[in-house]
Amino acid sequence: MRIGLRVLSNPLWTGGIHYVLAWATALSRLPSTERPEVVLLVADERGQPIAEANRHLAAAVEPFDRTAFLDLDLVYPATQLFEAPIGAPWAGWIPDWQCRYLPELFDQAEYARRDLHFRLLATRTPALAVSSAMAEADTRRIVGDAMVPTVRLPFPALVDPGEVAAMPRAEEAPERYLLICNQWWRHKNLELPVEALARCRDRSIQLVFTGETKDPRWPDNEARIRGLIEHHGLTERCHVLGRIPRVTQLALLRDCTAVIQPSRFEGWSSVVEEAKVLGRPLLLAEFPVHREQAPDARFFGTNDPDALAEAMDDAWAGRIEPVPFDAEANVLACARRLVDLAGITRQRYDPRLHDPGVLLAGFEQELERLAADPAMAELVKRQQGAVHALRRRESALDAERAMRVEAAPAASLLGRLKGWLSGRG
């Protein structure tokens, strides 16, 4: 079996980068009799150095546009139509339906884009992966009986406890601290731990924040959170480190007193997974996916700073235990689920039904419907540009296939001639 993993490379979505590398790592840990060949597929210039740095996890690194010639059983993941390969089995991925739950976090056009692509993935792909039971239930509720065969595919953490144990301590952090590892996006709910820290009985508690602090959708969000820290006089107790190297992040996770995940919505939290592997106590916002990931964690309401303050005091005093977790067994179980997805995808894939070019007609009809709304003009323009790029990819692939067909007889004749000459020799 051969599985192609499309390298995600958006620097503003580090979780997406880690997601693909986590799958490559998980597959590499399967017993040799079960282990598929992995090909890292590079779709853009940003992805090339990521793939090269992780070449040891794969049998090959190849351009994404060459998937039709690589004899792959699965190309994964595709979160939208334009991330699907041409001429190769592929599966869609819906991390979550956040746009349906928190529409206020999205402008009208972005909401429409997500909804359009996710509904297409849920009903027209060979197979679909979802990250959680909540995402699976939401998908079925939204698209009903049209839902394609679906595999629940929670991802494992990209963490080796032995390697992390050997990492030097992160000098940027105080001696003891509670840790929050989140980008400063609005739904991450970072106001809550600041308000909770102001309510904690123990005034020695220190809080460390890591993650990109700038949100291009709401550029005033960083100033608002920093202003709240100053308002409560917590500047000396809140340590905002921003984007940091991966080794520093892991060292902080290893050494923290507990991890706080206050997010209002998650598809499947990489922070929670990594904390479980490293045996850290978890303080989690009350949310279905968090319950699924770590049912034995300490929970608090997303709008309840008093409950979080109490949990922070308990964690600081050592009254919260780590969540029991068998990391190695989990990695193998997750890897086998991905192999299952590959088997389903290969069996169901039909290029006449599932290649992205075939799906364009229905997609463009949806674009025409959206174009009637002036607020969608920019979205429609961008999506039409992506449609044209996909058609160019199709044309280039058709041309290469034609050249290969023309070259095949000559190559066959040359081979026979070499064999004849060799026999005479």
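At a glance:
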{"read-out": "Alpha-carbon radius of gyration plus Dmax, which is the widest Cα pair, for the chain in Å", "value": "24.2, 93"}
{"read-out": "Relative contact order for the chain, counting Cα pairs under 8 Å that sit 6 or more residues apart, in percent", "value": "16"}
{"read-out": "Within a Gaussian network of the chain (alpha carbon springs, distance under 10 Å), most fluctuating of Glu266, Glu172, Glu274", "value": "Glu172"}
{"read-out": "Tensor-based shape of the range 113-236 (alpha-carbon gyration tensor, a/c under 1.5 rounded, otherwise prolate or oblate)", "value": "prolate"}
{"read-out": "Candidates Ala137, Ala372, Ala309: whichever shows maximal mean-square fluctuation once the chain is modelled as a Gaussian network with Cα springs under 10 Å", "value": "Ala372"}
{"read-out": "Residue with peak Gaussian network fluctuation, the chain [Cα springs, cutoff 10 Å], from Arg203, Arg119, Arg186", "value": "Arg203"}
{"read-out": "Sequence-distant residues sharing a close amide H with Phe299 (under 5 Å, placed H)", "value": "Leu284"}
{"read-out": "Dipole magnitude of the range 161-325, debye to nearest 20 (Cβ charges: Lys/Arg +1, Asp/Glu -1, about Cα centre)", "value": "200"}
{"read-out": "Other-chain or far-sequence residues with amide H under 5 Å of Leu30's (modelled H)", "value": "none"}
{"read-out": "Given charges at beta-carbon only (K, R positive; D, E negative), |dipole| of the chain in Debye", "value": "1260"}
{"read-out": "Length released on extending from His56 to Asp71, taking residue separation times 0.36 nm less the Cα-Cα span", "value": "3.4 nm"}
{"read-out": "In range of the label at Trp13: residues from the range 91-114 whose backbone nitrogen is under 14 Å from the point 7 Å along Cα→Cβ", "value": "92-99, 110-111, 113-114"}
{"read-out": "Gained length - Arg348 relative to Arg392, 0.36 nm times residue gap less alpha-carbon distance", "value": "13.2 nm"}
{"read-out": "When the range 161-325 is reduced to its Cα atoms, the Kirkwood hydrodynamic radius in Å", "value": "15.7"}
{"read-out": "In Hz, Karplus ³J(HN,Hα) per residue of the range 279-289 (6.51, -1.76, 1.60; θ = phi - 60°; x = Gly, Pro)", "value": "x, 9, x, 10, 10, 10, 5, 5, 7, x, 5"}
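Values in this text are rule-based calculations from the coordinates and carry no lab data. None of these values were measured; they are calculated from a predicted model. Quick reminder, even Gly has a Cβ in these numbers, built from the backbone with ideal geometry, and neighbours come from all protein chains shown.
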